[in-house]
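The values are calculated or read from the model by the stated rules, or taken from the named source; none is laboratory data. What you see is a predicted model, and the numbers here were worked out from it, not measured in a lab. A quick note on method: Cβ atoms are made from the backbone with ideal geometry, for glycine too, and the neighbour counts reach across all protein chains shown. Areas reflect the complete protein model, heavy atoms only, side chains present, ligands, DNA and RNA absent. Shrake-Rupley method; radii C 1.70, N 1.55, O 1.52, S 1.80 Å.
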Amino acid sequence: MKKIKLSVIFSLTLLFMATTGNAADSAGITYTVSFPEAQAHYADVEMKLTGLKQNTLELKMPVWTPGSYLVREFQRNIETLSVTANGKEIATTKTRKNIWQLNTTGITDLIVKYRVYAFEISVRTSFIDARHGFLSSPDIFIYPGNMLQTPSTVHIIPYKGWTSVSTSLEKVNGDSFTRYSPNYDILFDSPIEVGNQDIFGFNVGGVAYEVAMVGGGSYDKERLKKDLTKVIEQEVAIYGENPNKHYTFIVHNYLKGGGGLEHLSSTVLGASRDAYATESGYENFLSLAAHEHFHLWNVKRLRPIALGPFDYDNENYTTNLWIAEGFTAYYQDIIVRRTQLYTPENYLNILATEINQLENQPGVKFQSLSASSYDAWIKAYRPNENSANNTISYYTKGALVALLLDLEIINDTKGKSSLDDVMKYMYNEYYKVKGRGYTDAEFKQALEKFAGKNLDQFYADYINGLTSIDYNKYVAYAGYKITEELAGSNDAALGITRYPGIPRVIVTGVVRNSAAWVDGINVNDEIVDIDSTPVPETGDLIAGKKPGDKIMVTLIRDGLTQTLPVTLLKSNKVKYKFEELPNANAQQLTVRKKWLTIK
Ligand SMILES: [Zn+2]
């Protein structure tokens, strides 16, 4: 990924200057995006291409958005594509799902027009209605296939009543509605929000931050400025520099919003409008902001070698999303701890929740961390009813592995170094000095350099293997232990998950090796009676029962009623909590201080 060259003078005329070199060098590209039917969720795009010097041209559209590892085939939302040159229509031929080919012999300038339907609310897809337009660039901008390095300008014509544009793309001649992109990697990495968003700014260490709040919400601007500043300062302190001159937070506040997507100089965050009203909701928002902002180093610049330059036509496979996402997930919470918004106890509770999430997922025994990363395209982003039984999250396990490595390094160096030093070293060595991504072996070498020990067994066990994590070995370095609160219990479990928020019991998941699994309850079954008694609308279906009890479960499957005998089994659920070790020694207190005390 290339850095934005701020020294470039952003002038429209620059784009049309002919230079020597290959055909792409002389081309000028200007997009005009308008919204004549925003209420029906359309953007109308016109691309003017000048200075062509080639006999054939491929017009392409990415099939995925970097940061979101799923082929989404955005071109399915394209309508009425037409190409004209000198007032005459040019025929196009589809040669792939995302490629239109045309004969450009003797043609230097052409105009491409098309419409994009955009009605998917997420941080990684465009959404347009009469209130606002969110343009996730890879699903809006068709590009000339051999010109990824060509600059372009984007001119926005807003829908009636829309007043503002928020994006990290540079303004042209101070015009907020005309933006410049030095190349397509930057254009595709720069979402654009158009509408009446509530915009406010602040400055951190000379970097101008802008927050664009879309959709309203009960946020307190002054508090957000103060706390985001602390988050940003703590993250900059790890890497020693902030490579941006400006950065944009686009925040989508919906009735039920969520998620985030990182970009080079901006991010898109999803939040519920009422998230800011409670302390836990506010903390979760800050933790999300900390996560996405941390990515501006970890993955947007310091990156696995497979993630850039991007192949926009295909899946980009890497076994290292546990570093790109898992380490970021680890840092999102420890950063909020470092701002003092979390007490050490709050923070340890968050870690315990993550341990419980991982250890209660049967997939922990079936999918390694590196495999979960590689198969993100077909598994993590395409979950089904059985996913919990055969997959894990590289976010959760990756964050826990980051915890182990942080504690290992702090312990091995007697508090002199931590995982922070590995991240800073890797950022300098690979992004700044070598200018490329890292391999799996190179990241491991850096961890070993700071830990001062070989990590072959660690990788064999926890990264590439299925060995159960020995949490207590690592948390003991900081004078803690984790205990399992349900170890002595003899609770029975049926082993189903149910559709939430409705009074009927419709099965959405069957836990591997549970009673429901062994005796054949299926996903989509509606359980109506147990032992001839109607099931309660909410709460425990098997209250008072013990492991070994036999029950008769009456259910409706595919419209037919049947009764299954089920023998209840002991619940496998675990619930960990952190405790301080009594009489922690000086080394343990040193590690704890380095790990959890404000830097
Ligand atoms: Zn992330």
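Brief remarks on what is shown
- Number of the condition not met by S218 [criteria: (1) more than 23 Å from T328 (Cβ to Cβ); (2) modelled with pLDDT of 95 or more]: (2)
- Among residues of segment 566-599, those that are open to solvent by 80 Å² or more (accessible area, probe 1.4 Å), at pLDDT 95 or above and over 19 Å from N472 (Cα atoms), counted: 1
- All positions within segment 426-440 that are under 16 Å from K300 (Cα atoms) and surrounded by 17 or more Cβ atoms within 10 Å (Cβ to Cβ): M426, Y427, Y430, Y431, G437, Y438
- For G217, the test of being open to solvent by 30 Å² or more (accessible area, probe 1.4 Å), part of a loop (DSSP other than H, G, I, E, B) and either touching a residue at least 40 places away in the same chain (Cβ under 8 Å) or over 19 Å from S287 (Cα atoms) (or both) is passed.
- Cβ pairs under 9 Å, 6+ apart, first in segment 254-279 and closer than 18 Å to R303 by Cβ, second more than 15 Å from the ligand (Cβ to nearest atom) and aromatic (F, W, Y): S265/Y247; S266/Y247; T267/Y247
- Those strands (runs of 3 or more DSSP E) lying entirely in segment 148-187 with at least 3 residues open to solvent by less than 50 Å² (accessible area, probe 1.4 Å): 152-157, 164-166, 175-181
- Residue count for segment 278-314, restricted to those that are open to solvent by 20 Å² or more (accessible area, probe 1.4 Å) and away from the ligand (no atom under 12 Å from the Cβ): 12.
- Of the numbered criteria (1) in contact (Cβ under 8 Å) with a residue 40 or more places away in the chain; (2) surrounded by fewer than 19 Cβ atoms within 10 Å (Cβ to Cβ); (3) part of a loop (DSSP other than H, G, I, E, B), the one I542 fails is (2).
- Here the strands (runs of 3 or more DSSP E) wholly within segment 64-109 that include at least 2 residues being away from the ligand (no atom under 16 Å from the Cβ) and open to solvent by less than 20 Å² (accessible area, probe 1.4 Å) are 78-85, 99-103.
- Criterion violated by L307 - all others in (1) touching a helix residue (DSSP H, G or I) at 6+ places or on another chain (Cβ under 8 Å); (2) part of a helix (DSSP H, G or I) satisfied: (2)
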